[in-house]
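In what follows, a single structure is set out as structure tokens and then discussed.
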Amino acid sequence: MGFFIKGKMEREEPQKTHATHGGVLAVWGSPGSGKTTVSVKLAQYLTSKGNNCILIFADMTTPSLAYICRPDDLIEEKSLGSILAAAHVTDELVKRNCSFHKNNKYLSMVGMLKGENRFTYPPYEQEQAKELLIAAEELAPFVIIDCSSHISTNLITGNALMMADSVIRLCGCDLKSVSYFNSQLPLLSDTQKFDADRHICVASNVLPNQAAREIEKSMGSIRCQIPHSLEVETQFLEGDMLKDYEFKESRAFRKAIEAVSKEVFGI
Ligand SMILES: Nc1ncnc2c1ncn2[C@@H]1O[C@H](COP(=O)(O)OP(=O)(O)OP(=O)(O)O)[C@@H](O)[C@H]1O
Ligand SMILES: [Mg+2]
């Protein structure tokens, strides 16, 4: 499958886009708030416009590559574990360990594979996590990190929150989400490292009966709302999240993803 050097495909010329600035985005938030869904859908949107994108799945306990697309659609299945097991993570190593979707030549994915866990590979340190993010930024104009909610133990997530150009803070619209942020935001209080004030707060998976005002009351200032979509939920249940949208029902969801992309990447 085609791989690329920043902004330039080796096999495929990307279509020209304008006024985009790219960058590294960390999608972080409460457990089950839709981090993986939003990360995949943002990557799908960017790549549909001919932009090269690396999507990094930080989850080491529930390998995302095992459920975001059909096994038959994955080509060159490679593991994040092989990257982190190296003494140093180079651009070349990351390039060699990306997985691809057969219908999306602009998307490269880095994640753990079906059946793997953190003990499948030797332990990794801060250094490898940092180097992975630096390499990804070198390799592609758009990098999206689907973070874990476990910010203190997942090193990719911790580093992504420090190093990313933008951070989306995804809020589920329930008390569990409120409890999560009350517990975890103090861990980001070191403003030199984390600058949590710059997070883009997004309400996720919002149902029609969840009024915006109510959400703001408990979450603070919300920049965008991503509505619940039955089609997106079905794609998730069918394990086919990179499938094209087919139904009008998901229009509001799609528009919200576009709005988030505009806010973060200018596209
Ligand atoms: N906008 C949405 N519309 C419909 N369903 C959604 C939406 N966002 C998330 N979901 C559903 O919520 C569930 C959790 O989504 P997802 O796995 O993306 O969350 P997560 O934050 O990545 O979870 P985890 O904390 O386990 O990593 C899934 O069933 C998914 O389909
Ligand atoms: Mg997830």
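All of the numbers you see were taken from the coordinates with simple rules; none came from a lab. Note that the structure is a prediction, hence the values are computed from the model and not measured. With ideal geometry, Cβ positions are generated from the backbone for all residues, glycine too; neighbour counts draw on all protein chains shown.
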Looking at Glu216, Glu127, Glu138 in this structure, which one is farther than 17 Å from Thr36 by Cα, surrounded by fewer than 23 Cβ atoms within 10 Å (Cβ to Cβ) and touching a residue at least 40 places away in the same chain (Cβ under 8 Å)? Glu138
Exactly one of Val89, Val110 is within 16 Å of ligand 2 (Cβ to nearest atom) and either in contact (Cβ under 8 Å) with a residue 60 or more places away in the chain or not acidic (Asp, Glu) (or both), and that one is Val110
For residues that are more than 14 Å from ligand 2 (Cβ to nearest atom) and buried (at least 17 other Cβ atoms within 10 Å of the Cβ), scanning just region 44-68, find the one that is nearest to Asn154 (Cα to Cα). Ile54
So, Phe247, is that one more than 10 Å from ligand 1 (Cβ to nearest atom), under 28 Å from Ile68 (Cα atoms) and free of Cβ contacts under 8 Å to residues at least 24 places away in the same chain or not? yes
Can you spot a residue in region 173-193 that is surrounded by 13 or more Cβ atoms within 10 Å (Cβ to Cβ), under 25 Å from His101 (Cβ atoms) and either touching a residue at least 40 places away in the same chain (Cβ under 8 Å) or in contact with an Asp or Glu (Cβ under 9 Å, 6 or more places away or on another chain) (or both)? no
Is it the case that region 187-201 has a residue that's within 11 Å of ligand 1 (Cβ to nearest atom) and within 17 Å of Leu25 (Cα to Cα)? no
